[in-house]
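Each remark here refers to the structure printed beneath this line.
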Amino acid sequence: MKNFARSKINPDLKYVYSENNALSIVFQSNELLLGILGEFNNNLKELEKITNTSIYSRGNSILLKNTPEKNELIKNAIQFLVDQFLNNGTLEKKDIESSVNKFMIDEKVTNKSGNVEYIIKTPKKSVIPRSEKQKNYIRALKESDIVISAGPAGTGKTFLAVAVALTMLLEKKIERIILSRPAVEAGERLGFLPGDMREKVDPYLRPLYDSLYDLLDFEKIQKKIEIGDIEIAPLAFMRGRTLKNSFAILDEAQNATDTQIKMFLTRIGENSKIVINGDPSQIDLPNKIMSGLNRSKKLLGHLKEISVVDFDHTDVVRHPLVSKIVKAYSDKNSD
């Protein structure tokens with residue numbers, strides 16, 4: 001189920017407070033209620049687990065029996081999930097986790113809030129920032145000519161940049177998206193891989209393809225690649241070019257040297273944006289001090305046209321365990 005319009009489903013909820021701190025959330029649409037509950041009430045069970053609360057399904061209602069504070073927390077979470085379901089026609093586990101994230105509840109970054117500028121609407125889904133830094137990152141992507149972001153995997157650096165770039169392409173604000181990565185491999189050598197140059201390089205560009213396919217239908221992405229509206233290429237292929245009316249993203253920039261990052265940044269032309277993303281903790285270069293990511297932040301961060309965003313483990317939006325793993329390694333490295 002995708003792209004539900006609010007007009008097709010009655011989004012109204014009725015809140016009934018009763019004795020013993022009970023709160024009933026009454027749904028006017030059974031279809032909406034089923035979407036929020038999930039198959040076998042799995043969404044509700046996940047919400048219970050995350051919040052350590054008691055939640056029940058009764059007829060066309062969701063019943064809460066907790067302290068007033070926790071009931072209010074769940075009430076806000078369910079309203080967030082309702083907005084997500086109406087936008088996307090489905091709910092994912094990460095939506096359940098985000099629904100109780102303090103930022104999401106306090107800021108209410110939903111279609112009903114005044115912060116709609118932070119929602120990225122793509123043909124397949126609406127992308128919503130899940131932390132304060134993601135919100136700042138989206139603002140930077142829209143307002144700055146160049147954005148440099150650093151942080152652990154799973155913080156949305158690439159996905160959010162691709163989402164903003166795709167919306168700008170579809171709205172004809174730019175003519176082309178260019179996605180690039182340095183062809184530096186973790187423990188392998190390109191020469192030992194089978195196939196021609198494209199077949200050797202494609203595995204390293206796969207995460208960029210995955211982000212695109214998550215936001216627009218496969219056939220449409222392929223068509224845009226064929227006609228040149230979207231270009232995916234190794235960093236070495238960018239030398240000597242000037243990028244006009246483009247949105248260029250360099251992913252895995254921790255594996256680019258200082259000279260390579262300078263080369264990429266100086267490709268910027270009229271009506272263009274450049275984004276540099278990387279994780280300083282995952283440098284695969286033979287000599288780690290060759291990485292130019294941190295140096296670019298230090299050299300260019302003071303320029304008003306350039307935004308620098310640093311993510312940490314609290315911004316990880318993959319499986320909750322990923323955040324704990326990232327923090328554990330970060331703490332170990334700081335010992």
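Quick note: the coordinates plus some simple rules give every number you see, no bench work behind them. Because the structure is a prediction, the values reported are computed rather than measured. Here the Cβ positions follow ideal geometry from the backbone for every residue, glycine too, while neighbour counts run over all protein chains shown.
Order these by the 10 Å Cβ neighbour count, fewest first: Tyr209, Tyr15.
Fewest-to-most ranking of Tyr209, Tyr15: Tyr15, Tyr209.
Rank these for me by crowding, Phe218, Phe159, going from fewest to most other beta carbons within 10 Å.
Least to most surrounded, the residues fall as Phe218, Phe159.
So, in Å, what gap is there between the alpha-carbon centers of the stretch 122-184 and the stretch 240-311?
What the calculation gives is 14 Å, centre to centre.
Positive end of the dipole of the stretch 6-114, charges at C-beta (+1 Lys, Arg; -1 Asp, Glu), about the Cα centre: which of Ile50, Ser24, Phe40 has its Cα farthest in that direction?
Ser24
The stretch 1-74: which GluC sites (Glu not before Pro) are DSSP loop and have at most 11 other beta-carbon atoms within 10 angstrom? List each step's numbers first, then the result.
Working: sites: Glu19, Glu31, Glu39, Glu46, Glu48, Glu69, Glu72; in loops: Glu19.
Taking the stretch 1-74 and a limit of 11 other Cβ atoms within 10 Å, the loop GluC sites (Glu not before Pro) found are Glu19.
So how far apart, in nm, are the two label points at Asn52 and Thr314 if each is 7 Å from Cα heading toward Cβ?
Going by the 7 Å Cα→Cβ label model, 2.0 nm.
Highest first, please rank the peptides 75-83, 170-178 by the mean number of other Cβ atoms sitting within 10 Å of their residues.
Peptide ranking by packing, descending: 75-83, 170-178.
Can you work out ³J(HN,Hα) from phi for every residue in the stretch 86-99, in order, using Karplus 6.51 cos²θ - 1.76 cosθ + 1.60 and θ = phi - 60°, giving whole Hz and x for Gly and Pro?
5, 6, 10, x, 7, 10, 10, 4, 5, 5, 4, 5, 5, 5
Hey, fewest Cβ within 10 Å first, where do Leu33, Leu141 land in order?
Sorted ascending by nearby Cβ count, the order is Leu33, Leu141.
Given the convex hull over the Cα atoms of the stretch 6-114, what projected area results after averaging over all orientations, in nm²?
Across all orientations, the stretch 6-114 yields a mean hull projection of 6.5 nm².
What FRET efficiency would be calculated for the residue pair Glu270, Lys142, taking the C-beta separation as r and a Förster radius of 22 Å, to the nearest 0.05? Show your work: numbers first, answer last.
Numbers: r = 18 Å, r/R0 = 0.81.
The value I calculate is 0.75.
Regarding the stretch 204-263, what are the three Cα extents along the principal axes, ordered largest first, in Å?
36, 23, 15
Pairs Lys142/Lys220; Lys173/Lys220; Lys172/Lys298: which exceed 22 Å Cα-Cα? List each step's numbers first, then the result.
Working: Lys142/Lys220 24 Å; Lys173/Lys220 18 Å; Lys172/Lys298 33 Å.
Those over the limit are Lys142/Lys220; Lys172/Lys298.
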